[in-house]
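Contents: one structure, followed by commentary.
The values are calculated or read from the model by the stated rules, or taken from the named source; none is laboratory data. Keep in mind the model is a prediction, meaning the values are calculated, not measured. Quick reminder, even Gly has a Cβ in these numbers, built from the backbone with ideal geometry, and neighbours come from all protein chains shown.
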Amino acid sequence: MTIPLRLSSIDANSVKSQLQQPHDHANLRRFESTVLVHLDAAYNLARWLLNDPAAAEDAVQDACIRAFRFFDDLSGPSPKAWFMAVVRNTCIDSLRSNKHHNAAHEYDEEIDGIAGAQVHDNPEQIAVRASDARWVRAAIAALPVEFREVIVLRELEEMTYKEISVIVKVPIGTVMSRLSRGRDLLSQQLGADVKRVSP
Amino acid sequence: MSCIRTQQMMDAWLDGELDPSTGEEISHHVGQCADCAALKARREQLRATLQAAAPRYAAPPALRSAVLNQLQAAQQPPVARPLTTSRGPSWWQATAMAAATSIVTALVTWGTLGKLSAPSGEQVALADQDRRPVREQLVARHVASLSAPSLIEVPSSDSHVIKPWFQGKIDFAPVVRDLSAQGFTLLGARMERVSGQRAVAVVYKIREHPINLFVWPDISGRDSGAELATVRGFSMGSWAAGGLNFAAVSDVDAHDLERFVMALQAPR
Ligand SMILES: [Zn+2]
């Protein structure tokens, strides 16, 4: 099946020539104005991926150091996407090296998709809970990381599929299917009745 | 427009990622189909719930100042000082020290490229070249290459297309092998630089993970066996043969990278 996605074309060369200059005194200023302006976005992603404020701060700090050292190599259409890719890599490394195995485990349809989505509450309880921020946060946190990251990047950071595909390093079609699946899982978690036509 | 296709593209449509004419078709279908309209309503309700209840966390002010302080400490004056003095840390040493205290990923001592990583007099005399250790340069080049459109300059799965493309660009002949039987798809190649020398990157992929195979002339001329390492979380395999350095870099796990290196080195 082919998906007629609209690919936004951005002038990569202008960003690249603007950023690919040798180290000089203005380097840190330039890094601040092109990369560090996205510090909130970086922290938000790390916070949601790691589910831990302190770990998120550590990861963002490490990511900034990495990004600064690779700053000369910054290329591509979006400095924000480039920086977010570094942040995301740092978080994934952290998930792998620490004991966050629950969050980092590969997605398993049987275990996570069906068993994880069972909702036993009655409709009134669901309605109350759905308006409760803690319940929503817990539902997002319970998503497997590959769905959580695309949901956060799309819903909270409002990034395009193209940018998300660069950050997560998967094709755009995969971004789309992960978003669909992630939203289905979230809707199920939040008590909505998801009926999809089976192919 | 069928229900299946409508529902497959529902998210891309609501996210504004579809071309207008396909969007029209979906909109038309949703207007006439209760099932698809219900999915659209659920998606809109989910979005409203997320916007109302899922916070976008802002970076704590202390984090911002900590990052700036750390970067200022890492920022060293440029190459104005004499490069041969041994007093005080050089730029690359200072950067390495700053990194050692701040980067959690352990850097692995790496024999094959380690011999190139210490800046000899000849290397530092060149003004504009990247003076970071080679393995760091390779990771940086790998990371940079993943941002389209820099990954591939000559897209082809045919080594007989890629090899002629190098002619006139470099004064060595890189190995370009078809490894599709081993599961590694040849994607293409591009020009690169490693420590100021002309290099090439031949790009393969396995299960959507790109692998950059960097190839550049070896100064020492000594062959060395493959060594595997993990640098900043990336898998690397490096060796030298026939007057060329080879280094494969990827985010695949070490086992897959080892298979890749073995496949490249296997006798034809
Ligand atoms: Zn329908």
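Counting the residues of region A:178-199 that are modelled with pLDDT under 95 and either facing chain B (nearest Cβ under 8 Å) or part of a loop (DSSP other than H, G, I, E, B) (or both) gives 12. Restricting the search to strands (runs of 3 or more DSSP E) fully inside region B:205-267 and requiring at least 1 residues that are among the aliphatic types (A, V, I, L, M) and closer than 14 Å to B:Phe184 by Cα gives B:209-217, B:244-250. Of a type in the set (A, V, I, L, M, F, W, C), more than 7 Å from chain A (Cβ to nearest Cβ), closer than 30 Å to A:His38 by Cα and within 38 Å of the chain's Cα centre (by Cα), is that true of B:Leu68? Spelling it out, B:Leu68 is indeed of a type in the set (A, V, I, L, M, F, W, C), more than 7 Å from chain A (Cβ to nearest Cβ), closer than 30 Å to A:His38 by Cα and within 38 Å of the chain's Cα centre (by Cα). Looking across region B:14-51 at every residue that is assigned to a helix (DSSP H, G or I), away from the ligand (no atom under 12 Å from the Cβ) and surrounded by 20 or more Cβ atoms within 10 Å (Cβ to Cβ), the one that is farthest from the chain's Cα centre (by Cα) is identified as B:Thr49.
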